[in-house]
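Quick note: the coordinates plus some simple rules give every number you see, no bench work behind them. Not measured: the values here are computed from a predicted model. Here the Cβ is made from the backbone with ideal geometry for all residues, glycine too, and neighbour counts use every protein chain on show.
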Amino acid sequence: MTRPSRLVLLLFAVAVALAGGAYLLTADPDDAELDASIAVAEAMAGDTTGYRRATDVRDFTFPADHGPHPGYKTEWWYVTGNLDAEAERHIGYELTIFRIAMTPPDEPPVRLASADSASGWATNQYYMAHFALTDATGQTFYDFERFSRGAAGLAGAQASPFRVWLENWSMTGTDTGAFPMRLRAEEDEVGIDVTLRPAKPPVYQGDRGLSQKGPGAGNASYYYSYTRLATDGTVRLGPDTLQVTGQSWLDREWSTSALGEDQVGWDWFALQFEDGRDLMYYQLRNRDGSPSRFSEGVLVGPDGAKTAVTREDVSLEVRDTWTTPDGQRTYPVSWRLRVPDKNLDLRVEAVMNDQELDASVRYWEGAVRIEGTATGRGYVEMTGYGDADTF
């Protein structure tokens, strides 16, 4: 699994629950509850029959590939970033929208129990979104989650004009492409309204955009990233509306695949250095604690040139940990990350320890600072710690 696949387990769990009738499409989907007993192994064993698989290198076409790929089971638009406001105030953010197919594309859409296909509610697409803000200066973390079916205008995705949305959380572009991309989300006392502009071309992960997840044909995804997006706009924190500037990172992926039997989680690093380079590295963890052979990454130069990074190139050492207040999960929050061939010897530190999302699957995703042979900022995500792999 690559970093954008980190929450595919939840999406498959939703699909399993829907297929098994645990989630009833009878009223407002926000009023229904998923079966809390679904485990990762069961969720990831969902039937892939009838869905398209990522098996061959393909040409990417824009703006079409910024939009949805409904023939595949899962897809996501994943944005994280670090922003600065006045008085040296630092804010991290995450806005992610996931699409999941509930039935294969050639099968009829899922209907409400009391409606027919002409009601506007029938659909085979379901959406989930996460929105989080890290107020590093105030040491406060905010996180929110939403679900909706892709019908009646509640949620959806389109390529032209580019738009991905779940209610009033959205990513919008233009008739000709995704950029400049405007991100908007608000919940309770916090909100974000920022515009993203690419400083580098897209990076095609894996083999020209075909990212192998594990052994076997089709256990892969199509995956590209924008590793450096100039960002400006506003962030609302309580009564304060802050003008912000900074850098963001966008991951795009679509696939029909599953976790390997020995994989229990992953640690994903998206690091932006002050010298203009960017490093992405994801380390998949096996049950015995060793890194999976499918762990990999990429170093992106200031000009956008890509250099592959393998598991053998990287040394990752945990320097400190943090345990959740309930004592159930312990996460790393400080690392030494080395890539000797690239003269990288980095100390990566969480800007605050408690950046765990209280979502359907608990996971840690938060802003980090970087020191060492390169300095900068970034984001780290960690899954599969403690009871984070159960529903």
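Data for the structure
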item	result
About the Cα centre, charge dipole magnitude for segment 248-371 (Lys/Arg +1, Asp/Glu -1 at Cβ), debye	160
Lys, Arg +1 and Asp, Glu -1 on Cβ, resulting dipole of segment 129-273 about Cα centre, debye, nearest 20	680
Residue-by-residue Karplus 3J(HN,Hα) for segment 355-363, coefficients 6.51, -1.76, 1.60, Hz, glycine and proline x	10, 8, 7, 8, 10, 4, 10, 6, 8
Percent RCO, i.e. relative contact order, over segment 178-271, from Cα pairs under 8 Å lying at least 6 residues apart	25
Rounded Å value of the spacing that divides the Cα centres of segment 210-262 and segment 359-378	14
Assigned charges on the beta-carbon of Lys, Arg, Asp, Glu; segment 173-253 dipole about Cα centre (debye)	520
Fewest-first sequence of Thr134, Thr176 by Cβ atoms within 10 Å of each Cβ	Thr176, Thr134
Partners for Lys73 among aspartates and glutamates (Cα-Cα distance below 14 Å; same-chain residues under 8 apart left out)	Asp47, Asp106, Glu107, Glu253
Nearby lysines by direct alpha-carbon distance to Lys342 (threshold 22 angstrom, same-chain neighbours under 8 apart not counted)	Lys200, Lys306
